Amino acid sequence: MKPWLGPEEVAAAGEAISSGWVAQGPRVAAFEESVTRKVGAQAGVAVSSCTTGLHLVLHALGVGPGDEVITPSLSFIASANAPRYVGATPVFADVDPITMNLTVDTIEPVISDKTRAVILVHQLGMPADIDPIRALCDSRGIALIEDAACAIGSTYRGEPIGSRSPYVVFSFHPRKVITTGEGGMIMTNDGAEPTRLRALRQHAMTVSAFDRHESDPADFESYPEMGFNFRITDIQAAIGIVQVGKLDSIVARRRELAGEYGSRLGDLVGITLPQDPPYGSTNFQSFSVILDARFPMSRDDLMRHLLDRGVSSRRGVMAAHREPAFSDLAHRALPITEKLTDHSVLLPLYHDMTDEDVDRVADAIRKAAHP
Ligand SMILES: Cc1ncc(COP(=O)(O)O)c(C=O)c1O
C-alpha cells in the first residue's frame with residue numbers, strides 16, 4: 001500500500017499552517033461535513049484515530065468493567081484493545097471463511113448476559129452482512145459498533161458504509177484508502193448523539209478552544225465529566241478534505257486493479273481471490289489471497305518467493321487471541337480465524353500501480369503455482 005498524495009494535499013496543509021490555526025478548528029468541522037456528505041451519515045466526529053474512536057464510543061455507551069464486547073480475533077489488534085481500554089472484556093468470535101467477517105452464526109454462540117456491544121469489523125474493506133447482525137443485536141439490547149477502519153468507499157445494499165449503524169468508525173491511517181497521516185472519524189446515525197462525543201474528544205469541555213477564540217464577550221468552558229484528548233488537527237483535516245474528493249477515483253482504480261489480478265490469477269488452483277459479497281462491494285483496501293492445501297507452497301514460502309523476485313507482500317490479517325497481550329483470555333475454538341491468519345497473504349495494491357506491475361506480481365505467483 002502507498003498513499004495517493006499530491007501537490008493538492010501539500011497546498012491544503014500549507015494553507016492550514018499559514019492560517020495559524022493548526023490544532024482542531026474550522027478545517028476539522030469542514031472535514032466532518034465532507035465525510036458526512038460523502039457517506040450519507042447523519043453526523044461525523046473527527047478523532048485522532050479509529051482506535052480512539054472505538055474507545056470513545058464504548059466509553060460514551062457506558063461499557064465498562066464486568067461487560068463483554070464481542071469482536072473478531074481476526075483483526076488488527078485495535079479491535080480487541082478498545083474494549084480493554086474501558087475495562088470491559090473482549091470476547092472473540094470466529095469469522096466467515098470467505099468474507100473474513102463476523103456473522104450471526106459466529107456471534108450468537110458467544111453472546112452471554114454480560115454482552116453489551118459487538119464490534120463488527122469490515123475486514124480489509126470487505127463489507128460484513130450488517131442487517132441480520134443488527135437485528136440480532138437489537139433483539140438482545142446489544143449495541144452494534146461498526147469498525148469500518150478499512151471500509152470507507154465500500155458499500156452495503158447500495159449504500160456507502162458509514163450510513164447505517166448508530167456508530168461507524170473510520171481510520172485515515174496511511175494503510176487505508178484515504179489518509180490524513182493518522183486520524184479517524186465516528187459517523188453517527190439513527191439519532192445517535194454526536195454532541196457528547198464531540199465534547200468527550202476534547203476533555204469534555206463545554207466550549208471548544210476555537211469557539212472561545214471566536215467569542216465576544218469571552219466565554220468560559222466547564223468540564224462536566226472526564227474526557228480525553230482525542231483531537232485531530234486542522235493540518236490533518238485539510239489533507240483529509242482533499243483526500244475525500246479523491247475517494248471515488250481511488251476506489252475505482254483499486255477495483256480495476258483487483259479485476260486485473262482476477263484475470264491473471266483466477267484460473268489457479270489452491271488460491272482464492274477476494275470478491276464482492278452478494279450484498280455489497282469492497283474498496284479492496286487490501287488484496288488478501290487465501291492459500292489451501294492444493295497450492296504447492298506454504299504462505300511463508302510464497303512470501304519468500306515473491307521477495308526474491310522484488311515483490312513485497314504482507315501476511316494476512318493477524319489473530320489477536322494468539323498474541324501475548326491476550327493470552328490471559330479464555331476463548332472458544334477459532335478454527336476459521338486460525339486457518340485464515342496462517343494461510344493468507346496480502347498482495348501489492350496501490351493507486352498508481354500499473355498493469356505491468358500487476359503482471360510482474362502475477363507472473364511470480366504463477367511460477368509459484370507451477371514450480
Ligand atoms: C480493523 C481495524 N480496526 C482498527 C484499526 C486501527 O486504526 P487506527 O490506526 O486509525 O487507530 C485498524 C488499523 O489497521 C484496523 O484495520
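Throughout, read-outs are computed from the coordinates displayed, never taken from laboratory work. All figures in this text were calculated on a predicted structure; none of them were measured in a lab. Positions of Cβ are backbone-derived with ideal geometry, glycine not excepted, and every protein chain shown enters the neighbour counts.
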How far apart, in nm, are the 7 Å Cα→Cβ label points at Lys367 and Asp328?
4.8
Helices from the chain with mean Kyte-Doolittle at least -0.5 and a Cα length along the axis of 27 Å or more, per DSSP H: which?
234-265
Give me, ordered by chain and number, the residues 5 or more places off Thr233 or on other chains with an amide H under 5 Å from its own placed amide H.
none
For the range 148-155, Karplus-derived ³J(HN,Hα) couplings (6.51, -1.76, 1.60; θ = phi - 60°; whole Hz; x for glycine and proline) come out as 9, 3, 9, 10, 5, x, 8, 10
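Would you count, across the chain, every pair of lysines whose alpha carbons are under 17 angstrom apart, provided the pair is eight or more residues apart or spans two chains?
5
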Pair Asp359, Ala218: separation of 7 Å Cα→Cβ label points (nm)
6.8
Distance (nanometres) between label positions extended 7 Å along Cα→Cβ at Glu8 and Thr195
3.5
The chain: relative contact order in percent, alpha carbon pairs under 8 Å with at least 6 residues between
22
For the chain, built as a Gaussian network whose Cα springs stay under 10 Å, the top-fluctuating residue of Arg315, Arg294, Arg231:
Arg294
Under 5 Å between amide hydrogens, which residues at least 5 positions from Ala149 or on another chain qualify, with H placed 1.01 Å from N in the peptide plane?
His122, Ser171
Taking square-rooted eigenvalues a ≥ b ≥ c of the alpha carbon gyration tensor, is the chain rounded, prolate or oblate, where a/c under 1.5 means rounded and, failing that, a/b exceeding b/c means prolate?
oblate
